[in-house]
């Protein structure tokens, strides 16, 4: 089951076939270099299938994020834990043209609340490729702090950012990190 | 907007259950992927790649509305293989694909499961035609295509896998 989450501006929902053109365009572009791309259309189609299949195997996964008002599909954000990951992470990939609005932070905060409050995770990390400055800023805005490095054969060297624990968020939430 | 369930129907045959792949199937699936038997599907693959491939099999169902089942022993639920219709973007047209794990070899299991899959695509999905693809040196797979009454057509050249033999199944209502 892939639940729907809502934030003030965004809806987090299951990826659909209609998301594929935008998803493929992101993965064809240089912006995807930090998350395993660029890749061909065929590879991108399988990547979208993998996002969906992660849900029943793990009981959680990444949502397709859309702007509630317009329905525009703007990112793939959520809880990600393939077999070659150091531990479950909160991941965010913004589709092309949707950077700079705080969407990744807003959606990732909702995903983190789901991980802590619904799934009962005691902790969560996010992985940031060393050259991905935009992603690092999202991690910082979410209150995460550096906690070492992880090397992946395909993705390269990634920084581990550890999120505040559930107990640290319950007292004041995001305002504590504003 | 409502929650989404990835819908994968369950089929049963005389000896088999065709059902959604699940986490408990992973070790057997990864063992197949690591073995020489996976050469016909682009392998061998390590465990990490195998996990990604299993998620892709499941996700295909949601993107296409059909996909491959995990074939399990109807009595014991032991995973025996994957069988079903698939249509990634780089395929010539939708095909019925079959993969058997080592323990399932030689008992007609792929045949039994593939027949159920073909009935499903004809009777439930209402496809007018369907093919199966095999690599040229997978003689067991070619024998199964022939046993199902499929007839060879010109090959398809896949950009990474190479030559795929194309076998067209008898049309709905004409298969025996």
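The values are calculated or read from the model by the stated rules, or taken from the named source; none is laboratory data. All figures in this text were calculated on a predicted structure; none of them were measured in a lab. Here the Cβ positions follow ideal geometry from the backbone for every residue, glycine too, while neighbour counts run over all protein chains shown.
A few comments on the model shown:
- Taking strands (runs of 3 or more DSSP E) as the structural unit, those lying wholly within the range A:77-178 and holding at least 2 residues that are farther than 23 Å from residue A:9 by Cα correspond to A:125-129, A:145-152, A:156-162.
- Filter result for the condition that a residue is in contact with a helix residue (DSSP H, G or I) (Cβ under 7 Å, 6 or more places away or on another chain) and free of Cβ contacts under 8 Å to residues at least 40 places away in the same chain, over A:58, A:9, A:41: A:41
- Any chance residue A:14 is touching a residue at least 24 places away in the same chain (Cβ under 8 Å), in contact with a strand residue (DSSP E or B) (Cβ under 9 Å, 6 or more places away or on another chain) and facing chain B (nearest Cβ under 8 Å): yes
- Test set (1) away from chain B (no Cβ under 11 Å); (2) under 30 Å from residue B:2 (Cβ atoms); (3) at pLDDT 95 or above - residue A:20 fails condition number: (1)
- For residue A:78, the conditions (1) buried (at least 23 other Cβ atoms within 10 Å of the Cβ); (2) out of contact with any strand residue (DSSP E or B) (no Cβ under 6 Å at 6 or more places or on another chain) are fulfilled apart from (2).
- Within the range A:55-70, the set of residues being facing chain B (nearest Cβ under 8 Å) and either in contact with a strand residue (DSSP E or B) (Cβ under 7 Å, 6 or more places away or on another chain) or assigned to a strand (DSSP E or B) (or both) comprises just one member, A:55.
- Candidate set from the range B:134-144 (those that are out of contact with any helix residue (DSSP H, G or I) (no Cβ under 9 Å at 6 or more places or on another chain) and modelled with pLDDT of 95 or more); member that is nearest to residue B:64 (Cα to Cα): B:142
- If you go through the range B:154-171 and keep only what is touching a residue at least 12 places away in the same chain (Cβ under 8 Å) and closer than 11 Å to residue B:90 by Cα, you end up with B:156, B:158, B:159, B:160, B:161.
- Considered as a group, the residues in the range B:31-52 that are more than 20 Å from residue B:6 (Cα to Cα), more than 16 Å from the chain's Cα centre (by Cα) and touching a residue at least 12 places away in the same chain (Cβ under 8 Å) include one that is nearest to the other protein chains (Cβ to nearest Cβ), and that residue is B:47.
- Flag if residue B:73 is more than 11 Å from chain A (Cβ to nearest Cβ) and modelled with pLDDT under 95: no
- Only one of the listed residues (B:43, B:65, B:59) is surrounded by fewer than 19 Cβ atoms within 10 Å (Cβ to Cβ) and in contact with a helix residue (DSSP H, G or I) (Cβ under 6 Å, 6 or more places away or on another chain). That residue is B:43.
- Restricting the range B:1-22 to residues that are modelled with pLDDT of 95 or more, within 14 Å of another protein chain (Cβ to nearest Cβ) and touching a helix residue (DSSP H, G or I) at 6+ places or on another chain (Cβ under 6 Å), the residue that is farthest from residue B:110 (Cα to Cα): B:8
- Strands (runs of 3 or more DSSP E) wholly inside the range B:1-116 that include at least 3 residues being closer than 27 Å to residue A:40 by Cα: B:79-86, B:95-100
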